[in-house]
1. Any idea which of (1) surrounded by 15 or more Cβ atoms within 10 Å (Cβ to Cβ); (2) within 21 Å of LEU150 (Cα to Cα); (3) modelled with pLDDT under 95 is the one VAL113 doesn't satisfy?
2. Select from region 37-50 the residues that are closer than 27 Å to LEU20 by Cα and assigned to a loop (DSSP other than H, G, I, E, B) and list them in ascending order.
3. Does at least one position in region 53-64 carry a residue that is under 20 Å from LEU114 (Cβ atoms) and touching a His at 6+ places or on another chain (Cβ under 9 Å)?
4. What number of residues within region 128-151 are farther than 15 Å from GLU85 by Cβ, of a type in the set (A, V, I, L, M) and in a helix (DSSP H, G or I)?
5. Taking region 117-127 only, how many residues are assigned to a loop (DSSP other than H, G, I, E, B) and either modelled with pLDDT of 95 or more or of a type in the set (D, E, K, R) (or both)?
6. Just checking, which of GLY29, GLY67, GLY53 is among the small types (Gly, Ala, Ser), part of a loop (DSSP other than H, G, I, E, B) and at negative phi?
7. Please state which one of ALA88, ALA134 is crowded, with 18+ Cβ neighbours inside 10 Å and within 21 Å of LEU150 (Cβ to Cβ).
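The values are calculated or read from the model by the stated rules, or taken from the named source; none is laboratory data. Worth saying up front: this structure is predicted, and the values here are computed from it rather than measured. So basically every Cβ, Gly included, is an ideal-geometry build from the backbone, and we count neighbours across all protein chains shown.
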Amino acid sequence: MLRLNQLQANRGARRKTKRLGRGHASGTGQQAGRGHKGQGSRAGGGVYIGHEGGQKPLYKRTPKLRGFRPNNKLVYAVVNAANLEKGAKDGVVNLASLQGAGLVRKTASLLKVLGNGEVKAALTVRAHAFSAVAKDKIEKSGGQAEILSLLAEKAQA
């Protein structure tokens, strides 16, 4: 039976530390594996990561990210027409009902309906934006597509 005092590391798992600068006979005396003079032989010396000698470094040769990111960009939570019936409550689909059904994240504040899939039931869909195909499919099934104001949402936030 193996006991705690008999535990050993696997063979080759622990290497002996190389003792540097301890005489010629040790094999790592004199320069201690650092070579001769120069930046790399000094304490704390060495070139920075990405140094390429005289060549233009890669980080300077690659194109940089240009432009800017607008801080007033509208980010919509997107729902396809096929999923509208899953998020319907009493024939009405809005952001709150879709969040309750788990189709849209709770952090979403704007809703856009896209036209992928079919709408079978007559639903009143309230969203901030509709694709042309989605609006057409909702109205053909006997429902209504109501566009909510973006300004009212911003005033509440």
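1. (3)
2. Within region 37-50, LYS37, GLY38, ARG42, ALA43, GLY44, GLY45, GLY46, VAL47, TYR48, ILE49 meet the criteria.
3. Checking region 53-64: not a single residue is under 20 Å from LEU114 (Cβ atoms) and touching a His at 6+ places or on another chain (Cβ under 9 Å).
4. Final tally of qualifying residues: 4.
5. Number of matching residues: 2.
6. GLY29
7. Only one candidate qualifies: ALA134.
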